[in-house]
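This report refers to the structure that appears directly beneath it.
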Amino acid sequence: DLSALSVIEYAVKHLKVEHIIVAGHTSCGGIKAAMSNSSVGILDHWLRPIKDLYVANQQEIDELPEAERADRLGELNVVQGVNTVSKLPVVLDAWKEGRELYVHGWMLQLHTGLLKDLDVSVTSPKQVDNIYQLN
């Protein structure tokens, strides 16, 4: 959304951050809502991409025990977020300038308070398909 894009642009371009963390958490009510047919009002629009992600990965997710399904979809959502952020022009421009910039994907495990690194970090434009590298 525009707010997130603005924050990322300011952080990368002006603050020169070296790490962007895309994070989710276990037992997420938003993820659970996205996996259902219940309306949550205005949030339905915000949950739509997560519903699409669920449909695209439904076989994998539905094979898991029910208690693990929402957390797996949350992880997949973080992975997709890392991929999306890595393709942003401001991120690609920072790499073109030779700057170090890392986009990480983490899950906060609420039951333990520990962060789980999803091992999906993107650290260079070489990890981004050429079609996204704008001139």
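The values are calculated or read from the model by the stated rules, or taken from the named source; none is laboratory data. Everything quoted here is computed from the prediction, not taken from an experiment. Every residue, glycine among them, receives a Cβ derived from its backbone with ideal geometry; neighbour counts consider all protein chains shown. In case anyone asks, the SASA skips ligands and DNA or RNA and just uses the protein heavy atoms, side chains included. Shrake-Rupley method; radii C 1.70, N 1.55, O 1.52, S 1.80 Å.
Below, the figures for the structure above:
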| item | result |
| --- | --- |
| Difference of contour (0.36 nm per residue) and Cα-Cα distance, Ile42 to Arg99 | 16.6 nm |
| Exposure of Arg99 as accessible area (Å², to 10), given a probe of 1.4 Å and all protein chains | 50 Å² |
| Cα gyration tensor category, rounded, prolate or oblate, for the chain with a/c compared to 1.5 | prolate |
| Unsatisfied cross-links (Cα-Cα over 30 Å) in the set Lys32/Lys126; Lys13/Lys126; Lys16/Lys126 | Lys32/Lys126 |
| Relative contact order (%) - region 1-97, alpha-carbon pairs under 8 angstrom, separation at least six | 36 percent |
| With every protein chain in place, region 1-77: carbon and sulfur % of accessible area (1.4 Å) | 56 percent |
| Cα-based shape type of region 71-115, given that a ≥ b ≥ c are square roots of the gyration tensor eigenvalues and the cut on a/c is 1.5 | oblate |
| Most to least packed among 37-43, 103-109, 51-57 [average Cβ atoms within 10 Å] | 103-109, 51-57, 37-43 |
| Lys, Arg +1 and Asp, Glu -1 on Cβ, resulting dipole of the chain about Cα centre, debye, nearest 20 | 360 debye |
| Prolate/oblate/rounded label for region 26-86 (Cα gyration tensor, a/c 1.5) | oblate |
| Fraction of beta bridges assigned by DSSP in the chain that are antiparallel (%, nearest 5) | 40 percent |
